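Here's the structure we're looking at; comments come further down.
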Amino acid sequence: MSTLMTETKTTMTDFKTNAHRTYRDLIREPSRSVSIYIEKESAWKHYMNKPGCDPSVERTYFDRKDYRWKYPENTFESHKAVGIAVRHYVFGEGRERAVRRVREINSAGCFVGAPLVGKETLFQEDLDPGDVRNFHKNFFKLQQLAQKYALLFNSKLSSLPGATNKVPKIHFLECWVMMFTNEKNERDAILVEKMLDFKSYTKWNTNAGYVKGSPTSTATQMLEIGDGLCFSIEDVPQAYSHFTYLASGRNFLVCDLQGVLNTKSSPPVFELTDPAIHYKKLTKRIDFGRTDRGEAGIQDFLLSHKCSPLCRMICREWLHDPIENEVVQCRDIRKAPVGGTRDEPQKKHKRVRFA
């Protein structure tokens, strides 16, 4: 659905449960070209903590490892903030969630800190008045798992022969839930994270099998590792998706990689959000959300993905021999072992050192 319905509620069918789901009445931002917002506009709803009163605004996040909600010591990103302003209009939507602008505000109601976005469900059935945090739990689990494998991938990148700090790393944004008391005197919650530059926002692959090919333009930045082995900078997120499938023992694959490439940091970083995870055994569970297409999603990616030189290097275990400094040994992990267990060593191949 490309637009949000405000007058007539429509329904869609969940492909996992075959249940009908009803879209909420949400109003789209009149213009996405607005670059300056005024704190006093009526479109901003302010929620503030007042001295001497119980906090109206609270911050929490779900810890996948400890499997419980946690409340950090600092409620706001900015030390000047005492509340949040939530935009009445939404400016974007995905398959499951709508996106609003969010800002932190000081005691005078003025914006402080960096622009943020807030995400909430598109559907009536996801609203849980008993615990307003519940809808957001699976997104924490998904994003934290994707970040766990991003750290493994980044470590792998750094260990490649001849790798430099020009090779971008993968990072998934930190997110948290802001709970507040709304105009109806009811508790509400919205998942908040850093706002990315929508002008540079890119989808490198999707959960439906689409893979963004490397542009043929000469302006495309090419990187080189070791002895003349070149690849496009956009090959990095594709290699990450393939890596997650292998590193998870072929149990799942992280895709739907979207965000921006931050070239101001050193090394550059792909700042990503809203990933999808296809789990091999598709069931009615929603641990990875409704974007999880199971084995079909994995196969769609593998059929459309073409390994780049970087991807082929990432798919090998490099072993630096402390004695034979002129040789790097590698073990190809792309192919499943024939017979025995997956942990059994395969035949090692010698390769000339790249750097």
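Within segment 43-57, take every residue that is closer than 17 Å to K184 by Cα and open to solvent by 70 Å² or more (accessible area, probe 1.4 Å) and give me the one that is modelled with the lowest pLDDT.
P55
Look at segment 134-191 and say how many of its residues are basic (K, R), in contact (Cβ under 8 Å) with a residue 12 or more places away in the chain and not in a loop (DSSP other than H, G, I, E, B).
5
Given the condition out of contact with any Lys or Arg (no Cβ under 6 Å at 6 or more places or on another chain), hydrophobic (A, V, I, L, M, F, W, C) and more than 30 Å from L223 (Cβ to Cβ), answer yes or no: does some residue in segment 144-167 qualify?
No, the conditions are met nowhere in segment 144-167.
Inspect segment 129-143 for any residue being among the polar types (S, T, N, Q), within 26 Å of D235 (Cα to Cα) and open to solvent by 10 Å² or more (accessible area, probe 1.4 Å) and give the result as yes or no.
Yes - at least one qualifying residue is present in segment 129-143.
Taking segment 221-237 on its own, how many of its residues are open to solvent by less than 10 Å² (accessible area, probe 1.4 Å) and among the polar types (S, T, N, Q)?
1
Looking only at segment 28-44, decide whether some residue is within 23 Å of N134 (Cβ to Cβ) and outside any strand (DSSP E or B).
No, that holds for no residue.
Which of the following residues is over 22 Å from K40 (Cα atoms) and buried (at least 19 other Cβ atoms within 10 Å of the Cβ): E96, E73, E125, E104? Explain how you work it out, then say what you get.
Details: E73 fails: buried (at least 19 other Cβ atoms within 10 Å of the Cβ); E125 fails: buried (at least 19 other Cβ atoms within 10 Å of the Cβ); E104 fails: over 22 Å from K40 (Cα atoms).
Exactly one residue qualifies, and that residue is E96.
Let me spell it out: the conditions are (1) at pLDDT below 90; (2) among the basic types (K, R); (3) outside any loop (DSSP other than H, G, I, E, B), and K16 meets all of them except one. Which number is the exception?
(3)
Inside segment 107-122, can you point out the residues that are small (G, A, S) and either over 23 Å from N49 (Cα atoms) or buried (at least 19 other Cβ atoms within 10 Å of the Cβ) (or both)?
G118
To keep it simple, each residue is scored yes or no on (1) among the β-branched types (V, I, T); (2) open to solvent by 20 Å² or more (accessible area, probe 1.4 Å); (3) at pLDDT below 90; (4) closer than 18 Å to S241 by Cα.
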{"residue": "A146", "(1), (2), (3), (4)": "no, no, no, yes"}
{"residue": "F153", "(1), (2), (3), (4)": "no, no, no, yes"}
{"residue": "A163", "(1), (2), (3), (4)": "no, yes, yes, no"}
{"residue": "P168", "(1), (2), (3), (4)": "no, no, no, yes"}
{"residue": "N182", "(1), (2), (3), (4)": "no, yes, no, no"}
{"residue": "N185", "(1), (2), (3), (4)": "no, yes, no, no"}
{"residue": "A189", "(1), (2), (3), (4)": "no, no, no, no"}
{"residue": "M195", "(1), (2), (3), (4)": "no, yes, no, no"}
{"residue": "K199", "(1), (2), (3), (4)": "no, yes, yes, no"}
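Under the condition of being part of a strand (DSSP E or B), under 20 Å from the mean Cα position of the chain (by Cα) and of a type in the set (K, R), which residue from segment 60-100 is farthest from I38 (Cα to Cα)?
R97
Taking G228 and the conditions (1) in contact (Cβ under 8 Å) with a residue 12 or more places away in the chain; (2) under 16 Å from A163 (Cα atoms); (3) not aliphatic (A, V, I, L, M), which numbered condition does it fall short on, given that it satisfies the others?
Every listed condition holds for G228 apart from (1).
Being in contact with a His (Cβ under 9 Å, 6 or more places away or on another chain) and farther than 23 Å from L142 by Cα narrows it down to one residue among I36, I84; which is it?
None of the others qualify; the one that does is I84.
The values are calculated or read from the model by the stated rules, or taken from the named source; none is laboratory data. It should be emphasised that the depicted structure is a prediction, and the values quoted were computed from it without experimental measurement. Note that each Cβ is placed from the backbone with ideal geometry, even for glycine, and that neighbours are counted across all protein chains shown. Areas reflect the complete protein model, heavy atoms only, side chains present, ligands, DNA and RNA absent. Shrake-Rupley method; radii C 1.70, N 1.55, O 1.52, S 1.80 Å.
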